[in-house]
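Student: Let me give you the structure first, and then I'll get to my questions.
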Amino acid sequence: MKEILKVNDIEKYYGNKGNVTKAIDRINFKINEGEFVGIMGPSGSGKTTLLNCISTIDTITSGELIINNTDITKLKSKEIEKFRRDELGFIFQDFNLLDTLTAYENIALALTIQKRKPNEIKKLIEEIAKKLEITEVLNKFPYQMSGGQKQRVACARAIITNPSMILADEPTGALDSKSARLLLDALEKLNSEMRATILMVTHDAFTASYAHRILFIKDGKIFTEIQRGDGSRKDFFNKIIDVVTLLGGDSNNVL
Ligand SMILES: Nc1ncnc2c1ncn2[C@@H]1O[C@H](COP(=O)(O)OP(=O)(O)OP(=O)(O)O)[C@@H](O)[C@H]1O
Ligand SMILES: [Mg+2]
């Protein structure tokens, strides 16, 4: 099994002398190719910090972060941009689609930057649009699409370059339950049919139940880890709720 991500003993401090927050306190884990992993934990536990460090958006204070055999802590700032574009796909809570571009253009952007041929781009986009049921919105601008459609366009954009890993921070955070379900079905398809490796941060137990393994973070440390195994998503959801309750949230998804 190919290792896509290796998090080696990382620490992250914010602030300086006299006013230091330890956001990540020696975290270790690995993700293999094709895994769908969730990160949960109470507010302020370090989830976004962890994801931002893995995303190369933020930097760690100590430790090692290896993505697809590259130690990203050793990349120079010029290399980081290319690495992010070629190796990572992102799905943010607020979609981050460019308002002045159509869905098609938004999805095509990264491929255009990679100088891929227009007819090759067209073929790739038509294929993914069919899978994610966004063919009919490809010529629309973001303001002409529903929240769920925008989010599925964001999924298409994240997968189109065939990245090593897709990173998602609260991807269902701004969606109603029907749109959330459609997005999660889309993420499931990216994972099961296109073998995308996904790392997703969420507060929401229902959203988390789509992952196959969950890391629970508390006070910047990994508190525990659970696996879906061969059980159903419903069983996994109940297991998640049990851990959430143990961690001090209530069972109303409020981790
Ligand atoms: N830029 C920053 N400067 C200083 N402290 C920060 C900064 N960003 C985050 N922190 C602190 O680091 C800790 C972890 O924050 P982080 O945003 O990673 O939490 P989180 O688990 O994503 O929380 P939430 O569920 O509320 O999004 C918190 O104590 C937070 O106050
Ligand atoms: Mg956060």
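Nothing in this text is a laboratory measurement; each read-out follows from the coordinates by a stated rule. What you see is a predicted model, and the numbers here were worked out from it, not measured in a lab. Positions of Cβ are generated from backbone atoms using ideal geometry, with glycine treated the same way; all protein chains shown enter the neighbour counts.
Student: With the cut-off at 30 Å, tell me which of the pairs Lys6/Lys78; Lys189/Lys239; Lys123/Lys189; Lys22/Lys234; Lys47/Lys239; Lys22/Lys178 have Cα atoms farther apart than that.
Tutor: In this structure, Lys22/Lys234; Lys22/Lys178 exceed 30 Å between Cα atoms.
Student: Length gain on complete extension for the stretch Glu136 to Lys78, per 0.36 nm per residue less the alpha carbon to alpha carbon distance?
Tutor: 17.1 nm
Student: Same structure, new question: Take each of the peptides 191-204, 220-233, average the number of other beta-carbon atoms within 10 Å over its residues, and list them starting from the highest.
Tutor: The packing order, highest mean first, is 191-204, 220-233.
Student: Let me make sure I get this right: for the chain, a, b and c are the square roots of the gyration tensor eigenvalues over alpha carbons, sorted descending. Under 1.5 in a/c it's rounded, otherwise prolate if a/b > b/c, else oblate. Which is it?
Tutor: oblate
Student: Another question about this same structure. Give the aspartates and glutamates whose C-alpha is closer than 17 Å to that of Lys82, dropping any in the same chain fewer than 8 places away, or say none.
Tutor: Asp58, Asp71
Student: Set the Förster radius R0 to 45 Å, insert the Cβ-Cβ distance between Ser62 and Ser146 as r into 1/(1 + (r/R0)^6), and round the FRET efficiency to 0.05.
Tutor: It comes to 0.55.
Student: Need the full-extension length gain, Glu105 to Glu120, defined as separation in residues times 0.36 nm minus the C-alpha distance. One decimal, nm.
Tutor: Extending this stretch completely gives an extra 4.0 nm.
Student: Given a Förster radius of 22 Å and the C-beta distance between Met1 and Thr70 as r, what FRET efficiency does 1/(1 + (r/R0)^6) yield to the nearest 0.05?
Tutor: Plugging the Cβ-Cβ distance into 1/(1 + (r/R0)^6) gives 0.75.
Student: Once you've got the GNM for the chain with C-alpha springs shorter than 10 Å, pick whichever of Ile80, Ile54, Ile31 has the biggest mean-square fluctuation.
Tutor: Between Ile80, Ile54, Ile31, it is Ile80 that shows the largest mean-square fluctuation.
Student: Here's another thing I want to ask about it. Below 12 Å, Cα to Cα, which aspartates and glutamates can Lys122 reach? Residues fewer than 8 away in the same chain don't count.
Tutor: Straight-line reach from Lys122, under 12 Å: Glu105.
Student: Using r as the Cβ-Cβ distance of Arg26 and Ser232, and R0 as 22 Å, what FRET efficiency do you calculate, to the nearest 0.05?
Tutor: FRET efficiency, Arg26 to Ser232: 0.05.
Student: Under the classification rounded if a/c is under 1.5, otherwise prolate if a/b is larger than b/c and oblate if not, where does region 13-84 fall, given a ≥ b ≥ c as square roots of the Cα gyration tensor eigenvalues?
Tutor: Note, shape of region 13-84 comes out oblate.
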